[in-house]
Amino acid sequence: MKHADPQSPVSFFANVARLPQKGLPVVIEADAAQRAALAEEHELLSVEAYRAELLVTSWKRNGVKVSGRVEADITQACIVTLDPVQAHIDEPVEALLLPEESKLGRQGFEGGGEILLDADGPDSPETFSGDIIDVGALAEQFFGLAIDPYPRKAGASLDAGGETEGVENEFQQKLRSLLGKS
C-alpha cells in the first residue's frame with residue numbers, strides 16, 4: 001500500500017530522522033470519534049476499544065522497524081443472522097520500512113538486492129519517503145487484517161442441516177488451525 005492513502009482515523013506521525021537510541025514508544029488509544037471512524041472504515045457495527053502499543057526503532061542503516069500489538073474490542077454483524085457478534089482483536093504488529101532513496105528501496109527486489117526473509121518474520125520492507133512515517137495507519141492495517149471477514153453468532157448456520165455438516169466443520173477446523181484462530 002502506498003502512503004498516499006487518505007489519513008487513517010488513528011494516524012500518528014513518527015519522525016524517524018531523530019529516533020532515540022532505544023526507539024520511540026507510541027501508544028494510540030482511540031477516542032469515541034476515532035473508534036466511530038474505524039468502525040465505518042472497516043464495516044463494523046462498532047469499535048468499543050482500540051489501543052496500539054508500538055515501538056519505532058532504527059533498522060539496518062536507515063530503515064525503520066515498527067513492532068508491537070494492536071488490541072481492540074469490536075462488534076460485527078453476523079453473516080447469517082445479522083445479529084451483533086462481539087470479537088476481541090489482539091494482533092502483533094511487525095513491519096520493516098526502508099527510505100525510497102536507499103539502495104534497496106530504489107532497486108526493489110528485482111534489482112539484485114538480496115534480502116533474506118524469515119517466513120515467520122515480518123513481511124518484506126515497504127518504502128517511505130521523507131522523515132515521517134504514519135505508524136498509526138500501519139497499526140490500522142494490522143487491525144484490518146485481524147478482523148474476521150465472516151463473523152458468525154454462536155450456533156448460526158448457513159446450511160439447512162444435512163450430511164455436509166460434518167465435512168464442513170472438519171474443513172473449518174483445519175482452516176482455523178492453519179489461521180491460528182481459536
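The values are calculated or read from the model by the stated rules, or taken from the named source; none is laboratory data. Because the structure is a prediction, the values reported are computed rather than measured. Neighbour counts run over all protein chains shown; Cβ positions are idealised from the backbone, glycine included. To get the accessible areas, we keep the full protein, side chains included, count just its heavy atoms, and leave off ligands, DNA and RNA. Shrake-Rupley method; radii C 1.70, N 1.55, O 1.52, S 1.80 Å.
Quick notes
- Scattering profile of the stretch 1-76 at q = 0.16, 0.20, 0.27 Å⁻¹ [log10 I(q)/I(0), Debye over alpha-carbon scatterers]: -0.68, -0.93, -1.24
- Equivalent ellipsoid semi-axes - Cα gyration tensor, the stretch 3-45, angstrom: 27, 13, 7
- Other residues with beta-carbon under 13 Å from the beta-carbon of residue 54 carry, at +1 per Lys or Arg and -1 per Asp or Glu, a net charge of -4.
- Heavy-atom accessible surface of the stretch 1-75, averaged per residue, reaches 62 Å², computed with a 1.4 Å probe.
- Counting only protein heavy atoms and a probe of 1.4 Å, the accessible surface of the stretch 1-76 is 49% carbon and sulfur.
- Remark: the residue 82-residue 22 segment gains 17.0 nm on full extension, using 0.36 nm per residue and subtracting the alpha carbon distance.
- Net charge of Cβ neighbours under 13 Å - reference residue 64; Lys, Arg +1; Asp, Glu -1: -1
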